[in-house]
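Here, each number is a calculation from the coordinates, and none is a lab measurement. None of these values were measured; they are calculated from a predicted model. Neighbour counts run over all protein chains shown; Cβ positions are idealised from the backbone, glycine included.
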Amino acid sequence: MNFKEYIELHRNEVYSKICEYVKIKDPVEHYKMVRDYIDRQGSYRRPGLLMLSGEVFGANKEDLITPAAAMQLSEDWILVHDDAEDDSELRRGKPALHRMYGIEQAINVGDAGHAAMWRMVKDHLLSAGTEKGNRFYEKFYDMIEYTVEGQYIDTNFFVNVRDLKKASEDLYFRIVESKTCYYSVYGPLQLGAIVANADQKTIGMLKDIGVPAGRAFQIIDDVLDMTADEKLFGKKNYGDLYEGKLTLIILNTYKKATEAEKTRIDKIYKKRRKERTDEEVNFLIEVIDKYDSIEYAKSRAKAYGEEAKGIIEKYKNALPNNEYTEAMLSAVEELYMRKK
């Protein structure tokens, strides 16, 4: 069984558990909005990693459903807030929530999902027992806190700083390591292992694997923003350029640009999304192509992917050998070989 097959096998169980906590009730219009992103359903990659890791290390599937549902619901409410902050146009192939109902309602929807998520975490804590449950809670809280810190750094750059002269690859990877490496890769893996009561050495091993895999995942995500089929990707192309996001692609372009090009790039990046024109974004695309920055990003993603592969090989014999192990390892590999 590969990772996608594993996700589809358990998707409805996770989705149904979320729906138990987020029911359609009075006021009906409010809860229909709260359920919007939930009902669209994303890739379910994060809850899939959590459940797979848990089963690799010996947890019962029944004990993993609520933690996996909390993981997925965290993505759903965070995306509502992210889309409002970024003024994104599309999410999962449909208009972003704030564009449908307004930013005020979108923020409230995100808050409702946030509240339901912590109720799930509390219920798992009670069912797992104080010691193991609190260990799960502390890891989950740490992951969410670090993700929010990364969101602050990310948002502060494109809302307040908007100056590529003050940016660097170190800044880019600080954002990536919170919002992608931890939240999207090794955090879910660690949470599943904690449900299985794995030791701290195992938790550290999963981080070692997850950091380079997460870096590769995010760089490929940046590439797909420029190159993917919008219908498959579920988001509008060039969203990072319209929003003024920090990526390796634009950093490499800016580093190689002429002084005249840098001056024009600076003027564009000083603007907010709603002020940025299609002509200006087209100019950014042209200079990105001129300096082959997409290929540069692909090469960096490949290098991190190879690093992750090497670490997996290093630790492979330390992992339990059961029917779920190969699926988990192939899931990590899929992160840095993804096409959508």
Quiz prompt | Backbone N under 13 Å from the SER16 label point (7 Å along Cα→Cβ), restricted to region 41-63 | solution = 62
Practice problem: Please list the non-local residues whose amide H lies under 5 Å from the amide H of LEU90, H modeled 1.01 Å from N, same-chain partners needing a gap of 5 or more. | Solution: ALA96, LYS236
Quiz item: Hey, how many Å between the Cα centroid of region 256-291 and the Cα centroid of region 117-149?
Solution: 43 Å
Quiz item: Looking at this model, which pairs from LYS32/LYS298; LYS94/LYS166; LYS270/LYS290; LYS4/LYS245; LYS122/LYS271; LYS132/LYS316 are more than 31 angstrom apart at the alpha-carbon?
Solution: LYS32/LYS298; LYS94/LYS166; LYS122/LYS271
Quiz item: Percent relative contact order of the chain, based on C-alpha pairs within less than 8 angstrom and at least six residues apart?
Solution: 22 percent
Self-check item: Ranking of SER53, SER16 by count of other Cβ atoms within 10 Å, fewest first
Solution: SER16, SER53
Quiz item: Going by how many other beta carbons lie within 10 Å of each one, how would you line up ASP240, ASP87, ASP289, fewest first?
Solution: ASP289, ASP87, ASP240
Self-check item: Per-residue ³J(HN,Hα) for region 45-62, Karplus 6.51 cos²θ - 1.76 cosθ + 1.60, θ = phi - 60°, Hz, x for Gly and Pro
Solution: 5, 5, x, x, 5, 4, 5, 4, 4, x, 6, 4, 8, x, 6, 6, 4, 4
Self-check item: In nm, spacing of pseudo-spin labels at GLN41 and VAL159 (7 Å Cα→C-beta vector)
Solution: 3.3 nm
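Which FRET efficiency, nearest 0.05, do VAL281 and ASP142 yield, Cβ-Cβ r, R0 41 Å? Write out the running numbers ahead of the final one.
Values: r = 37 Å, r/R0 = 0.91.
That gives a FRET efficiency of 0.65.
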Practice problem: Would you kindly state how much longer the chain becomes between ARG273 and GLU131 on full extension, computed as 0.36 nm times their sequence separation minus their alpha carbon distance, in nm to one decimal? | Solution: 46.4 nm
